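Notes to accompany the following structure.
Every number in this text was worked out from the coordinates using simple rules, so none of it is lab data. As the structure is a computational prediction, the values presented were derived from the model and not from experiment. No Cβ is skipped: glycine too gets one built from the backbone with ideal geometry, and neighbour counts run over all protein chains shown.
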Amino acid sequence: MSIAAPQGAPAAAPVPPEPGPLPVNYLNNGHSIWSWLFTVDHKRIGILYLVSISIFFVAGGIAAGIVRLNLLQSDGAIVSEDAYNRAFTAHGVMMLFFFLIPAVPAVFGNFFIPMMIGTKDLAFPKLNLASWYVFMLGAALAIWSVLVGGIDTGWTLYPPYSTRASQSNVIPGVLGVFISGFSSIMTGLNIMVTIHKMRAPGMTWSRLPLFVWSLYATSLIQLLATPVVAITLVLLMVERAWGVGIFDPSLGGDPLLFQHMFWFYSHPAVYIMILPGMGVISEVLTCFSRKNIFGYHAVAWSSMGIAVVGFLLWAHHMFVAGISFYAALLFSLLSMLVAVPSAIKVFNWTATLYRGSISFQAPMLFSIGFVVLFIIGGLTGLYLATLGTDIHLHDTYFVVAHFHFVMVGGMVMGYFAGLHYWWPKMTGRMYSDFWSRFAACVIVVGFFFTFIPQFVIGYHGMPRRYPNYPQEFQFFNVMSTAGAGVLGVGYLMPAVYLTLSLINGKRATANPWSATGLEWVSQSPPPIFNFDESKMPVVVCGPYEYSLGVDQMGRTLPDAPTGAPAELHEGTAADGHGPTSPAKQES
Amino acid sequence: MADPTPTPGATNDDPHGIRKDLDKPGQLVVVFLAVLGLALVNIFGSTAMGPGKFTLPFQLAVGSAQATLVGYHFMHLKNGDKVVLLTALSSIFWMGILFVLFLGDYMTRHMIVD
Ligand SMILES: [Cu+2]
């Protein structure tokens, strides 16, 4: 990465603001409810999304709690079998459509893409606000349909059960998902146009932070795939409401057509969920190991690779559903292919950590948790992509454990890493260092106890979505439920200490982690238009010049966070030897 | 902001360079009628051909011609820059993925070897 900074000592970053009344920022500029509901500020809309998806996360978590508690006994401990179906459907619908998909793009993407590329807002601020309203409308419909009776089809909504036999609220629920899909398209479109058109002077494509690259890839999937599921859901509603034969074989339809179209979206959708998390991880790992990312272009292009290859694998969900033998062979092979860009990322992250001066603040702990759990989730995916083993493992708890390792162990960890990394910037407050580290550990431990037993019972043949099971599986189910309890406590802890930080947290400086991105240039919380309007940022170097100790504007970084010796990068910045300086070699 | 030079065709009242004189009304009507005409060709043509071997390729070919007309004239591909063209071509490629892999299942489903 070449540095175009002017010769001589770079201008120092502004000193941290002294305690006192906060300067005008996006949070204290108007306190009325209308100043929030009619805002077109991307940061406030990000906060609106943050509050909404936190509520849906709790709702989905309660449904998961019902499922896990019911599985304590082999004949169903707390709810009827019918209610059990509705509980796991509610869990899936809430978590996938209303938490995981908007989690990072709509919260951190909204908030930080304009800041990271050095501009004042997204390209279409009103569209951005509209996307939140559309999202809430869809969510309201879906929640309503869950509360008044629920849906019992599973989140995959397979016909002909969903269109013919199910006696539950399929249409309102599907309509809710359909509507919220438009919000996903709007956010993707907005982010994509912003990245293309509104980058600060000097912010070339190869100087973009990797979080921006990953969200670009995510937006591509959102734009291309979401319309396909939208039309699929419309066809589903048409068949259910008016009996038009599309998917139901008794009406002349083809149920596999639904599965094809549904997974044509829903497999890429798992990359909508995981790619932004990978972007967060790339930011955090570099910052807390004080190193440039290893293989910038490899990591950036592997995001695009995942986005493209992700479209070629969908029928691996249908190996035992009756698709052609040859198609199954082809999709099995193609499914293996996506392991390549995923592995490229993991290897580059590992190489980034190598000989870094690592400090273990909460964002770093969550990120390391992400890498470990994602590796397990990814490698177990190979068992499912392999045609032969999938026939044995299909629709068992092995699958459940696999995708929870990727979605929860990967994405939710990535979400929490981002939340902890950017919380000081978003709120201007520091949270408890001890409790946040502790929570990260509790979550990882709880996670292992919840989902490792599911690999075992799945391998031994316990099917997913069944309320009952043979007695010999009880030990593992109880262990899993106990782990889920620990996990639940782990997720509640951030809710407490993050809320407390708003009340009595230490005031955050502009750049508490000593990170290089443009989002750390302005005060915390940021001013209304992100930067001092008289001097918008001009980018002079790549995104991760930690060894040189300069941010993207070429200015010296403030002290590194506790754990990394501060004199280290000051020394390297002063003597200019970068990673080979003596200070580095001692560490 | 990445590129301070104005978009080609930009005017003071329209910074995005969408020229109002791009479409002549007569041209629009002609294209519209052509698309409708092709729809009729498709319907009556495939009815006349019956469910034969070449009906599906015929229908897809007519449909592609319609889509090309809409893209080229109505969606202004005729004077789009390189990025727009690239976007259009990649979405066709993406549609190709959808159709080829779909058909990869449907057309080989009955070819199970024992
Ligand atoms: Cu998949």
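For the segment A:305-311, counting C-beta atoms of other chains within 10 Å of every residue's C-beta and taking the mean gives 1.
Tell me the net charge near A:Pro512. Cut-off is 13 Å between Cβ atoms, A:Pro512 excluded, with +1 for each Lys or Arg and -1 for each Asp or Glu. Net charge around A:Pro512: +1.
Can you compute the helix-only [θ] at 222 nm over chain A? Use -39500 (n - 2.57) per DSSP H run of at least 4 residues, normalise by all residues, nearest 500 deg cm²/dmol.
-20000 deg cm²/dmol
Rounded to the nearest 10 degrees, the inclination of helix A:170-197 to the longest alpha-carbon principal axis of chain A is 30 degrees. Return the whole-Å distance between the Cα centroid of the stretch A:382-413 and the Cα centroid of the stretch A:39-104. Distance between centres, Cα-based: 20 Å. Here the calculated FRET efficiency for B:Lys24 and A:Asn504, from their Cβ-Cβ distance with R0 = 45 Å, stands at 0.10, rounded to the nearest 0.05.
Which translational diffusion coefficient, to the nearest whole µm²/s, is obtained for the stretch A:342-452 from the Stokes-Einstein equation, given a Kirkwood hydrodynamic radius over C-alpha pairs, 10 °C and 1.306 mPa s? It diffuses with D of about 104 µm²/s by this estimate.
Put simply, the amide H of A:Gln73, placed in the peptide plane, has no neighbours under 5 Å, leaving out anything fewer than 5 places away on its chain. Given R₀ = 22 Å, FRET efficiency for B:Leu86-B:Ser64 by Cβ-Cβ distance, to 0.05? My answer for the efficiency is 0.70. Packing here is the average count of other Cβ atoms within 10 Å per residue, and on that basis the peptides A:544-554, A:196-206, A:275-285, highest first, run A:275-285, A:544-554, A:196-206. Counting only C-alpha contacts under 8 Å and six or more residues apart, can you give the relative contact order of chain A as a whole percent? Reported relative contact order: 18 percent. The modelled label-to-label distance between A:Ala495 and A:Val478, using points 7 Å beyond Cα along the C-beta direction, is 2.8 nm.
Backbone geometry of the stretch A:85-99 corresponds, through the Karplus equation with coefficients 6.51, -1.76 and 1.60 at θ = phi - 60°, to 3J(HN,Hα) couplings of 4, 5, 5, 6, 5, 4, 4, x, 5, 4, 5, 6, 7, 10, 10 Hz, x marking Gly and Pro. Against chain A, whose longest principal axis is taken from its Cα atoms, helix A:325-337 shows a tilt of about 20°. With respect to chain A, whose longest principal axis is taken over its alpha-carbon atoms, helix A:42-70 is tilted by about 40°. Once a ≥ b ≥ c are taken as the square roots of the eigenvalues of the Cα gyration tensor of the stretch A:293-361, is the result rounded (a/c under 1.5), prolate (a/b larger than b/c) or oblate (a/b not larger than b/c)? Cα axes put the stretch A:293-361 in the prolate bin.
Express in whole angstrom the spacing between the alpha-carbon centres of the stretch A:240-299 and the stretch A:165-189. Their Cα centres are 16 Å away from one another. Summarising the amide proton neighbourhood of A:Arg429: residues at separation of 5 or more, or on other chains, whose placed amide H is nearer than 5 Å comprise A:Ala508. Shielding of peptide B:95-105 by partners, expressed as the average count of other chain Cβ atoms within 10 Å per residue Cβ, is 5. Between A:Met336 and A:Tyr161, what FRET efficiency follows from the Cβ-Cβ distance if R0 is 45 Å, with the result rounded to 0.05? Approximately 0.90, to the nearest 0.05.
Here the spin labels are modelled as points 7 Å beyond Cα on the Cα-Cβ line, and at A:Val372 and A:His392 they lie 2.8 nm apart. With a cut-off of 15 Å between beta carbons, the residues surrounding A:His317 carry a summed charge of -1, where Lys and Arg count +1 and Asp and Glu -1. Structure note, pairs A:Lys120/B:Lys82; A:Lys345/A:Lys506; A:Lys345/B:Lys78; A:Lys43/A:Lys197; A:Lys535/B:Lys82; A:Lys291/A:Lys535: Cα-Cα distances above 30 angstrom occur for A:Lys345/A:Lys506; A:Lys345/B:Lys78; A:Lys535/B:Lys82. Each peptide among A:380-393, A:261-274 gets the average number of other Cβ atoms lying within 10 Å of its residues, and from highest to lowest they stand as A:261-274, A:380-393.
With each label modelled as a point 7 angstrom along the Cα→C-beta vector, the A:Val320-A:Ala298 pair spans 3.7 nm.
Sorted ascending by nearby beta carbons within 10 Å, beginning with the fewest, A:Arg290, A:Arg465 become A:Arg465, A:Arg290.
Close amide H partners of A:Asp41, meaning residues 5 or more places away or on another chain with modelled amide H under 5 Å apart, do not exist here.
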